[in-house]
Amino acid sequence: MLTNRVFMKKTRKGGIIKVVREHYLRDDIACGIASCGLCGLLTESRTTLDRKPEFCSTVFPGPHYLMLDTNIILYQIDFLESEAIRNVIVLSTVLDEVRHRSPAIFKRLRKIVGDPGRRFFTFVNEHHRDTYLGKGVGESANDRNDRMIRRAAVWYGKHIRQEDSKNKVRVVVLTDDAENRRKAKEDGLLVSSVADYVASLSAHPELRDKVFNTEKWQDQSKIIFPSHLTTTQIHEGIKKGELLQGSFFASRDNFLEGNVRVESIEEPVLIQGRLNLNRAVDGDVVAVKLLPKSEWKCPSGVVLVDEQAVDNEAVETADPEFEQKEDTERVPTAAVVGIIKRKWRQYCGILAANPMASSTRHLFIASDRNIPRIRVETRQSAQLITQKIVVAIDYWPRHSKYPIGHFVRALGGIGEKDTENEVILLEHDVPHGSFSAEIQAQLPKLPWSVDPDEYKKRVDLRDITICSVDPPGCTDIDDALHARRLDNGNIEVGVHIADVTHFIKPGTPLDKEAGSRATTVYLVDKRIDMVPDVLSSNLCSLRGGEERLAFSCIWELDDGANIIHTKFHKSVIKSKAALTYQEAQLIIDDPTQTNQTAKSLRLLNKLAKILKKRRIDNGALVLASPEIRFNIDSETHDPIDVVAKKLLDTNSMVEEFMLLANVSVAAKIEREFPECAMLRRHPCPPDTNFDPLKKAAAYQGFEIDTSSGKKLATSLDLAVKKDNPYFNTLLRILATRCMMQAVYFISGTIQQQEYFHYGLASPIYTHFTSPIRRYADVIVHRLLAACIGADATYPALLDKQASSQLCNNLNYRNRMAQYAGRASVALHTHLFFRDRTEDEEGYILFVKKNAIQVIIPKYGLEGTIYVAGKNNEKLKNDGPTFVYNEETQTQSCGEVEFHAFDPIVVRLSLDSTNVQHQRLVFELVTPHIEGFSVAPLEATSGVTKRKGDSVNDGAEKVSKKSKKGKK
């Protein structure tokens, strides 16, 4: 059966064409009920719904199927994911609308539908003759869809009775739309809201916590926040220039502050105070209205977390953190007036139980300090108070100080390492499920050997002395090197990279999964692979003594490390040794070692030093970040020792040639594919980013010139204090924080001068050297293979828009992987201090109005020590009183004065008195202050999400492998 829809369409040139859209209807679409006599064999191969479903509902006591409207799926997906919900009919009308409105929810729904045990059946009502309805005159799409749902429910009822007149199974329509429920009742249907239906499931009281029910929190006796503008008002305001839009970032230091990055304003726009924040949550895209210049403010300089016992209402106007002095440099300040796009997700954290034992309303404290507390209603608080749990935000009404959410699931006991690792992965959105059976079926079978045909297609390098240099325990070896003297006196150097693209073909399930994961994530005690272990640790890993497929970059260099010639080719190699950095260094330093491996390493080391000096002379930055390494117990996997990372010449040796390979490949692929090459750039930071660094250095008598990368590097080199050997390192750590994030991009999408990599002082750069752990490198390998004729292109590879979307995912996943790695270090630091207290040397990073922020180099730890004084009345009775001097940025107590970069002694211990939220305590050990006690003042610790990371971007061997754990 065919229905036609005819409509007129206007062309770009202004002409009118007639378009006929054909819609085919059928009468042979199965109902999905097991052993249905009417559908017969049509249903047999795809049975999903039980013949007699069992639901223990007190309102609908008989057997029944559930039929859902679109909003139930969009807003109640957590409830639907419960194993207790089975035998559900999902209409194609609803499925299509969910796909259009929320790809993330659609993906979760597909996972449920794909589980045969859940009995979710997709009924193609849009193409069934008896259930299809055209759109009525003047009818909205939403009303038509509701009518389609009711029509399908009526059809199912008739179909069930027609097949078996004794069958008592009914269909219950779930909808939270009151008008839709009224019309469904008029049609003789069973219908219910989700809240009422779940309340009737006496056997599953836990489901009540998962329901998004706006009626729970309707006490609007007190309006706190101004209303948000409508979508139309926001669009009009932006169009007229009256409003600005950008992403909101909450402050980690002060929960009543944040900023919005706006394209038209160089520096971030400050948002200060609860009313101006106006219910924005970290990550939201918001509309803001600039305040008059007379109302502009400066960041408060106070460390303020919501856990402190402060009167948050008074903070709005009266508390000293918002006092603004006349001579203070103020910045553009705005108020949030509307939400353009929410970026809410599921959050991990703990339940702060209501002190009223009978109450079901509680507060949830997220692990991510950027997220406000969330109000939840649960009857399981007695069980959940010792668990890490997951909560989702539903909405944030004007009358509530905090957003409203619902409980999703429990993860496990607080403080248990497996639970905390799961929290890290969830909080940083790291895909960490097992690879699907479909992907596993694609993988080569073991034992594996190089196909004889590959020797004909590739350059055979098995006789060359190639070796890899990595950290101890590394199993995913993605690069190896060689150097040898040529007959003409020059030196041949080769970088050989695992040929991952030989095993991962475009468009396959494995390729799609690797592209989604984007990167391997390295935690302290394990890694989450981008590709299955059989590839990452075996077939793609360039292990010593085994033949492997590689992609080689070969240079001919003179003794001054000048490039004479460059070539690229696919190859077969056989690494002669898989060395650690320490082993390679010992070979280089031992004059008795004269074999080919030693000669190769010495040549590489000599050339690397020349390359590094040349890079630095050209303006490349050498910055710093505190990095440590844990020694892990082989049985318990708990940390037993912490040591600072030591870099050897071999670290730098590998780094230099990885950088050189990445630069060489970038130039090649951009030359061949100027519109669609995947490159990596590091934007030059706006000068305002350097303000904290400049001020900190100026207080110590040094001037930092940030007008160019070269001048910044020179300024940092000159900033040395003989009495404080760690001072220069601290400055470089601060400089790292001022950097922008390096990002992937497509060459044809921006101007060529923007390709520049600021940290490396390189006009062009990409990632080629780590395809086992980075999907960007996989794309670059495919581009390079097409350049040299080793492989063909495919449409998606040359599609600028698709490639740009891929870059967005790669940048996001890469950033989250970095944060997850830091969070893992913080977790293991807590585990390390579980049963110990240590006094360690530290340095002051920043002096705030009410706190001192410190760094402990030995452990790579940063923490905040709150001090009692005018800006922190709460602590006045707990210790000596401090006085803050804004001009000199100091805290003083008596004759003792604390400046940025001062060395101090800090006592580290774990406060486990609160089982819900154990924390690492930083105590200032200063016996010279009269009346000072080493009892804790107040402290928090955590891993800070920073704007920039190591600017030695591509120094993969240094930055990535330090976080590698054995599989």
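The values are calculated or read from the model by the stated rules, or taken from the named source; none is laboratory data. What you see is a predicted model, and the numbers here were worked out from it, not measured in a lab. Cβ coordinates were reconstructed from backbone atoms using ideal geometry, including for glycine residues, and neighbour counts include every protein chain displayed. These accessible areas exclude ligands, DNA and RNA; they are computed on the full protein's heavy atoms, side chains included. Shrake-Rupley method; radii C 1.70, N 1.55, O 1.52, S 1.80 Å.
For the stretch 487-629, give the percent of accessible area contributed by carbon and sulfur heavy atoms, probe 1.4 Å, rounded to a whole number.
50
With a point put 7 Å past each Cα toward its Cβ, work out how far Glu416 is from Asp687 in nm, to one decimal.
Placing both labels 7 Å along Cα→Cβ, they lie 5.6 nm apart.
What whole-number distance in Å separates the alpha-carbon centres of the stretch 90-129 and the stretch 138-161?
For the stretch 90-129 versus the stretch 138-161, the Cα centre distance is 16 Å.
Which of the three applies to the stretch 524-564, rounded, prolate or oblate, going by the alpha-carbon gyration tensor with a ≥ b ≥ c and a/c under 1.5 meaning rounded?
prolate
In whole angstrom, note down how far apart the Cα centers of the stretch 523-569 and the stretch 725-778 are.
21
Would you indicate which of [x] -0.32, -0.49, -0.68; [y] -0.37, -0.53, -0.68; [z] -0.23, -0.36, -0.53 is the value of log10 I(q)/I(0) by the Debye sum over Cα atoms at q = 0.04, 0.05, 0.06 Å⁻¹ derived from the coordinates of this structure?
Here the calculated entry is [z].
On average, how much accessible surface per residue is there in the stretch 380-472, in Å², for a 1.4 Å probe, leaving out ligands, DNA and RNA?
Value for the stretch 380-472: 46 Å² per residue.
Relative contact order of the chain: what whole-number percent is it, with Cα pairs under 8 angstrom and at least 6 residues apart?
Relative contact order for the chain comes out at 9 percent.
In deg cm²/dmol, rounded to 500, what helix-only [θ] at 222 nm does the chain give when every DSSP H run of at least 4 residues adds -39500 (n - 2.57) and the total is split over its residues?
-8000 deg cm²/dmol
Apply 1/(1 + (r/R0)^6) to the Cβ-Cβ distance of Glu179 and Arg345, taking R0 = 25 Å, and write down the FRET efficiency to the nearest 0.05.
About 0.20, to the nearest 0.05.
Just to confirm, what accessible area per residue do you get for the stretch 617-703 at 1.4 Å probe, in whole Å²?
44
Once you have the Cα-Cα distance between His100 and Val905, take 0.36 nm times their residue separation minus that, and quote the gain in nm to one decimal.
The span from His100 to Val905 would gain 284.0 nm if fully extended.
Take the solvent-accessible surface of the protein heavy atoms, probe 1.4 Å, and return the percent of it on the stretch 756-863 that carbon and sulfur atoms account for.
Roughly 49 percent, rounded to a whole number.
Modelling each spin label as a point 7 Å along the Cα-to-Cβ direction, I'd like the Asp617/Lys858 distance in nm, to one decimal.
If labels sit at Asp617 and Lys858, their model points lie 4.1 nm apart.
Output the pairs from Lys645/Lys848; Lys239/Lys341; Lys293/Lys694; Lys609/Lys695; Lys606/Lys646 with a Cα-Cα distance over 23 Å in this structure; if there are none, say none.
Lys645/Lys848; Lys293/Lys694; Lys609/Lys695
Quick check: net charge around Gly748, other residues with Cβ under 9 Å of its Cβ, Lys/Arg +1 and Asp/Glu -1?
0
Pairs of Cα atoms under 8 Å, at least six residues apart: use those to get the relative contact order of the stretch 537-657, whole percent.
Taking the mean separation of contacting Cα pairs over the length of the stretch 537-657, I get 20 percent.
So how much slack lies between Glu295 and Thr749, counting 0.36 nm per residue of separation and subtracting their Cα-Cα distance, in nm?
Net length gain for the segment: 159.6 nm.
If you put +1 on each Lys and Arg Cβ and -1 on each Asp and Glu Cβ, how big is the dipole of the chain around its Cα centre, in Debye rounded to 20?
Computed about the Cα centre, the dipole is about 3280 debye.
Where in the stretch 246-282 is the amide nitrogen less than 19 Å from a point lying 7 Å along the Cα-to-Cβ axis of Lys240?
Only 246 pass the distance filter.
Once the other residues with Cβ under 13 Å from the Cβ of Phe551 are scored (Lys, Arg +1; Asp, Glu -1), what is the net sum?
+1
With a 1.4 Å probe and every protein chain kept in, tell me what percent of the accessible surface of the stretch 41-132 is carbon plus sulfur.
Carbon plus sulfur share of accessible area: 53 percent.
Grab the Cα-Cα distance for Asn167 and Thr360, subtract it from 0.36 nm times how many residues apart they are, and report the gain in nm with one decimal.
65.4 nm
Could you work out how far apart the two model spin labels at Ser707 and Lys445 are, taking each label as a point 7 Å from the Cα in the direction of the beta carbon, and quote it in nm?
Once both label points are built, they end up 6.9 nm from each other.
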